[in-house]
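> Got a structure here, written out as C-alpha cells. Questions coming.
The values are calculated or read from the model by the stated rules, or taken from the named source; none is laboratory data. Because the structure is predicted, anything quoted here is derived from the model rather than measured. Reconstructed Cβ throughout: ideal geometry from the backbone, glycine too, with neighbour counts over all protein chains shown. All accessible areas refer to the heavy atoms of the entire protein, side chains included, with ligands and DNA or RNA removed. Shrake-Rupley method; radii C 1.70, N 1.55, O 1.52, S 1.80 Å.
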Amino acid sequence: MDLFIIASILIVLSAIFGYINVKFLKLPNTIGLMIVAILFTIGLFLTSLVNPALLNLAERLIGQIDFKTVLLDVMLGFLLFAGAMHTNFEQLKVQRGPILIFATVGVLTSTFLVGAMSYYLFNTLGHEVAFIHCLLFGALISPTDPIAVLGIMKKAGVPKKLETKIVGESLFNDGVGVVIFLTIFTIASGETGGDHGGSSFNSILTLFGQEVFGGIVFGGILGWITFKLLKSIDDYEIEVMITLACVMGGYVFAHYLHLSAPLAIVVAGLIVGNDTVRDNAMSDITEQFVDKFWELVDILLNALLFVLIGLELLVLTFEMSFLIAGLISIVLVLIARYLSLFIPVKFFSKRLDFLPHTSTIMTWGGLRGGISIALALSLTDEMNRDLFLTVTYVVVVFSIIVQGLSIGNLATRLLGKENMIVSEDGH
C-alpha cells in the first residue's frame, strides 16, 4: 500500500468513527474516537474467527505505519503549536514557577519512582527486567501527554487556574520527558562511551541542557522572527503560511541543531498566540483565519492520532501476565505522579493561592497518550519491548477513557460548585 492509500483509509475511518461518536456516543471527540477504534479492532479479531482476511489486511496496514515517526516527527509539532497558541499566556506566566518544576523535577522524580516500583512489580510477576529498562518505562510513562490533555481539558470544566497548570505542564514536560527517555535509552544501549562515569555523566548533563534549554531559547527566537514577519505585512493568506513555515521549518531546524523540537515549537506557539503579539502583528481577519486554520489542523490530526491509538491494539502481544502488570501499573503510575507533585504543590500553594485538592486533581488530570505509546514502540526486544508496550497501552487507555471522562466530575466533587464558578471568573 502506498502512502496515499494508507492516509485515505485512515481519514475515512476517522470520519466514520467521528460520525458514530457524534451521532450515538456523544463523548469528547478524542475519547469517543479512540473507543470506537478499539471496538472496531475488537470486531476485527472476532471476524477472524470466521474469516481472517479482514484482520490480516488491517494488520498489514498498521504494520506499514511507523507510529513513532508519524507522531514524533510529523504530527507533534503541529499539535503542540495549535495547543500553545490557544493557551492563556498571562495565566501561564503567573504559574511559570510551579509549571517549570512540575515539567522538570516532577518528571524526573516520577521517572525514578515508577522505575523502582515497576522493577519490583515485573520481577515479582516473573519477568526478568533490568532496572535501567524499568527506568525507560518510567521515562516514557511519566510525562503527561499535551495532545490528550488539551483535547479533553477543553470540555472537562476544570477551573481555569487548575487547567492552566495541567495544560502548561503537559506542554513543557512532553519535550523534557522525551529528552529524559532518550538519555536513559542511550545509557541502556551502551552508547555513552568512555570508561569514566564522571565524563559520561557530564556528557549526559550537557546533552540534557542543550536539548532542553537550547530548545527553549531557539523557540523564543523562532517566535520573535515569526512575530516580526507577521507584523511587517497585512495579507492573511501569506501570514497563515508563515505560521505553517514556523512549525515545519522550526521543527526540522531544531532537530538539525540537536535541540528539543517540541519545546521550541511550544515556546514559539505561546509567543505567536500571545494576545499582545496578536494585537500588534495581526489584523482581525488575519487572526480569524490563523485561528480557524490551526483549529482545523488540530481537529484533523487529533482524530487521526486517536484512531491510530485504537488500532495499535493490533500490534500488542496478549499475555495474561502482561495485562495484569498493566493493570497494577495504573496504580503505580498514579502514586508516582501524586508523590512527584506533592512537594512542589505544597511549596507554591500559599504564594500563588492554589485551589484545595490541587495535587489530587492534577494527578487524575495528568493524562497519558500517544507519545508514551510511540516511545514504547521505539524500544528494542532486549529492552522487553512487548511487555512495556502492552503495559503502556493499558495505562494510556485507562488514562484517556476513565480519567478523561471523570476529571470534570472529580473536580466538581472535591472543590464544590462555588469554587468552580469563582475559579472560572479568575478570582
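> Say whether the condition of being aromatic (Phe, Trp, Tyr) and either within 23 Å of Ile31 (Cα to Cα) or in contact (Cβ under 8 Å) with a residue 60 or more places away in the chain (or both) is met by at least one residue in the stretch 109-116. It would help to see each step written out before you state the result.
Pass one, the stretch 109-116, residues aromatic (Phe, Trp, Tyr): 112.
From the residues that got through so far, the ones that are either within 23 Å of Ile31 (Cα to Cα) or in contact (Cβ under 8 Å) with a residue 60 or more places away in the chain (or both) too are none.
Taking every residue of the stretch 109-116 in turn, none turns out to be aromatic (Phe, Trp, Tyr) and either within 23 Å of Ile31 (Cα to Cα) or in contact (Cβ under 8 Å) with a residue 60 or more places away in the chain (or both).
> Being over 26 Å from Phe253 (Cα atoms), of a type in the set (A, V, I, L, M), surrounded by 14 or more Cβ atoms within 10 Å (Cβ to Cβ) and in contact with a helix residue (DSSP H, G or I) (Cβ under 7 Å, 6 or more places away or on another chain): is that true of Leu33 here?
Details: over 26 Å from Phe253 (Cα atoms): yes; of a type in the set (A, V, I, L, M): yes; surrounded by 14 or more Cβ atoms within 10 Å (Cβ to Cβ): yes; in contact with a helix residue (DSSP H, G or I) (Cβ under 7 Å, 6 or more places away or on another chain): yes.
So Leu33 passes the test.
> Looking at the stretch 86-118 only, could you name the residues that are open to solvent by less than 10 Å² (accessible area, probe 1.4 Å) and of a type in the set (Ser, Thr, Tyr)?
Step one: of the stretch 86-118, the residues open to solvent by less than 10 Å² (accessible area, probe 1.4 Å) are 95, 98-99, 102-103, 106-107, 110-111, 114-115, 118.
Listed by number, the residues that qualify are Ser110, Thr111, Ser118.
> May I pose another question? Any residue in the stretch 118-133 that's closer than 17 Å to Phe185 by Cβ: show its pairings with residues that are not in a helix (DSSP H, G or I) at Cβ separation under 6 Å, as long as the two are six or more apart or on different chains.
Taking only residues 6 or more apart or on different chains, the pairs are Val129/Asn384; His133/Asn384.
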